[in-house]
1. What is the mean projected area of the alpha carbon convex hull for segment 768-809, to one decimal in square nanometres?
2. Collect residues whose amide H, placed 1.01 Å from N in the peptide plane, falls under 5 Å from the amide H of Gly531; neighbours closer than 5 in sequence don't count.
3. If I model a spin label at Ala803 and Ala150 as a point 7 Å from the Cα along the Cα→Cβ vector, what separation in nanometres do I get?
4. Quick one: with all protein chains in place, what share of the accessible area of segment 758-804 is carbon or sulfur, to the nearest percent (1.4 Å probe)?
5. Once you sort the root eigenvalues of the Cα gyration tensor of segment 308-434 as a ≥ b ≥ c, which label holds: rounded (a/c under 1.5), prolate (a/b larger than b/c) or oblate (the other case)?
6. Tell me the net charge near Leu580. Cut-off is 12 Å between Cβ atoms, Leu580 excluded, with +1 for each Lys or Arg and -1 for each Asp or Glu.
7. How much of the accessible area of segment 370-416, in percent, comes from carbon and sulfur atoms when a 1.4 Å probe is used?
8. At each listed q (0.23 Å⁻¹), what is the log10 of I(q)/I(0) that the Debye formula gives for segment 298-382 modelled as equal alpha-carbon point scatterers?
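The values are calculated or read from the model by the stated rules, or taken from the named source; none is laboratory data. Everything numeric in this text was worked out from a predicted model, so none of it was measured. Here the Cβ positions follow ideal geometry from the backbone for every residue, glycine too, while neighbour counts run over all protein chains shown. The area values use the complete protein model at the heavy-atom level, side chains included, leaving out ligands, DNA and RNA. Shrake-Rupley method; radii C 1.70, N 1.55, O 1.52, S 1.80 Å.
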Amino acid sequence: MKEWRSLLIATWAGLSPGLRYFIELVFWSAVFFTMSEYGELFAHIGPQITPVRPASGIVLAVVMWRGYRIWPAMITTGIAANYFSSHDWVQAIITPTGGSIEALAGVWLVRRFVGPRIDFGSIRQVLGFLWWGACVRAAMIATWSIAYLAWSGQLEADKLYLAWLTWFAGSAMGVAVFGSFMLSWVQPSDQRKGEASWRETLLLYVLLVAATFLDSLSEMPLTFLPFPLLIWAGLRLEARALTTALVLVVGTALACISWGYSPFGLTTANPDELLIVMQLFIICAAGTGLVLGAVASQRRQSLRALADLAAFQQAVFNGSNFSIIVTDDFGTITSVNRGTERLLGYSEHELVGRTPALFHDPTQVALRACELSKLTGRTIEGFETFVDLPRRGHADENEWTYIRKDGTRIPVFLSVTALHPIDGVARGFIGVAVDITARKQAEAQMRAAKSAAEQANRAKSEFLANISHEIRTPMNSILGFAELLQRHLRDSAMKKQAQSIFSSGQTLLRLINDLLDLSKVEAGRLELQPGPVNLRNLAAEMQQFFTFKSEEKKIPIDLECIGPVEGQFYLDEVRVRQILFNLLGNSLKFTEQGRIVLRIEAEPDASGLMRLAFCVRDTGVGVPAELLPRLFTPFEQRSGQSTRKYGGTGLGLSISRRLAELMGGTLIACSEVGVGSAFQLNIPRVRHDVSVEVTREDLTANNVTATIPLPMGQEAAYSPITLAAWQSCAALANGPWLEKWKTLLHAPLFEDIENFAHGLTQAAGEHTPEVLREYGNRLAEQAHDFEVEEMTLSLREFPQLAARLQAGPATDQRAASLNIGL
């Protein structure tokens, strides 16, 4: 059988398209003609007026299946059938032509309003097919045909209604039965098999044929007999088997009529009435069966979808590596998956019917219950610890410890949610837990690695901080000898080489200082030394320091002071200077035109302290937005930046931010490429004094109370505070300062000298003698800039300074300004 089928398919495929089309037209013409001639056997009102029109449904099905190209077969069949019945060529051409056009219009209506493919799988499809394909199309064809017959005088007026009803019933029945049968078999169907087996299907066929025969042979009206069987068929059979059952019923009834029997309890004296009633009954029965079949098909599809979904959920439920536990509203376990069995070591039988208390740590549950009770203000205990939040519509997610059957403990992350039915009330809970042992171990390893890295970093930083003197001492010697060689050499080439050594040494020393500062901050060895600072003087000194560079590049540095910046602010002036030095230096480095603004803003807070903001704004090259977060990373420089052009190591901003954080402040930046940058140092909670009262005891440092006698008349010329400041500083200069100076003279370390100089400038706060302040600032700047010769000369001037302090303020004319307002 398969060989013959393969041979036929191969032979058909080997034919030319035109020949295949011709053969197809001939075949369908023969089918249409045969079905038309069969219907003519039941025509009694006229030669063409018959209530049996199977060709009407077959034509609709074939055009729906094969397309509009079948129309030549329709017209050919109509002309032939009409000519054989009327022997009138005019009628044989006009009637089938109009009928074919209306038939094609009916097909268009079905395609437009129902769809191009009809598989009778939904109620919408069935009702749409019966309405547009059976009723509307049949009414169109019946109206056209009867109107033509009446116009041509072939039909009496008293028979118009009966003729129209006969034609309509025949066409509608042909579509409802034979059209649905044809479509269900020729078009691919998405429906699966029905619920009935082949034995049940065969039994239904036999019972339907027998019931139709019994109805026809009996004189009693037993039309209802096939009806329950059709309902049974609609609910149990799929579309193809159902339409086949309808064809069997119609075929059996027509056979009985052709043999002279009368179904429905009607007499055969009026065959037209008998056929019309039978066809209307068949239309209703077919519609009922098709609708029930669609309902049953949708139900079967829904049940299969639910079964597939349940199977999928069960596969996910049992195939998951997570532990999934379902409980009822009272905490009794109703279902667990295989992941739970693997995790806990209990079988499903051992868990179902128990509560989660079986494998939970009771101490953890009690602690969590206590926390929830405090938060909610009501007593929570037991199972409510897990479901209090889910009852209120929130998932409860926490880390717990599960105790396995063998007693081992497993850390898990558990998420508990409520199961809500249609009414929205919780009817149970589901807990999904994942073993986080590996995560805990990884976190422990990460913490250990982080601790080791931090310890190594601290060791590195402490090492660098401890050897800072050892690193700077040889560099100081190199710089000193290089500068001496530069001054005393007469050969220009050698002098240039010495100058190169000196400038390279200064660059290297600056790098070393930055690295050591960074290491001190990281090691926690950098301590702040706050003291009174005059912000206006600080800003003016920073402006003056960069005057030469700004004039060289023709970029002015403007100062702006906003708010109450007068008086003394207690800050670490050295570190503030260092930050501003880095910010202004960077602005000058990366600005080629425009201006630079140093703005200082002071604002009191609610506690009576001051908030300070130092902002440096420039019109330089700017920094792309994506690089701003990396600006304060050590050794980070702008990508593509030319080191030869700008230089630097990328440590300045990193050190500045850490110094700002050490002072309890922040250092932030904003920038736009081609527009410029702005860096702002914010320092909160700074103590501010507009006027400071200083006593003699306050100005005596390190418990030095020696009093230096003043010349006659000085007590009257100067205020007690001024005299106390001079006396205290003179005592220090001839005591501990002198000892420190001797040490620095023999081991001149830049950092120690700078710290010593800053200590001199802040010895008596704002009442520090001007001569001492000037000397300290000069010495600090020389040490900071590594000006070896100048620093050495200034350091040797200290005995002269001590003598001037010993002599008192009258020996220094600049002290007069100090007495104004005192």
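1. On the way: hull surface 11.0 nm².
So the Cα hull casts an average projection of 2.7 nm².
2. Leu571, Asp572, Glu573
3. 14.6 nm
4. Values: 820 of 1750 Å².
Using a 1.4 Å probe with all protein chains present, segment 758-804 comes out at 47 percent carbon and sulfur.
5. Numbers: a/c = 1.98, a/b = 1.18, b/c = 1.68.
Oblate, because a/c is 1.5 or more while a/b does not exceed b/c.
6. Working: positive: Arg575, Arg577, Arg599; negative: Glu541, Glu573.
In short, +1.
7. On the way: 1340 of 2620 Å².
With neighbouring chains kept in place, the figure for segment 370-416 is 51 percent.
8. Scattering profile of segment 298-382, log10 relative to I(0): -1.07.
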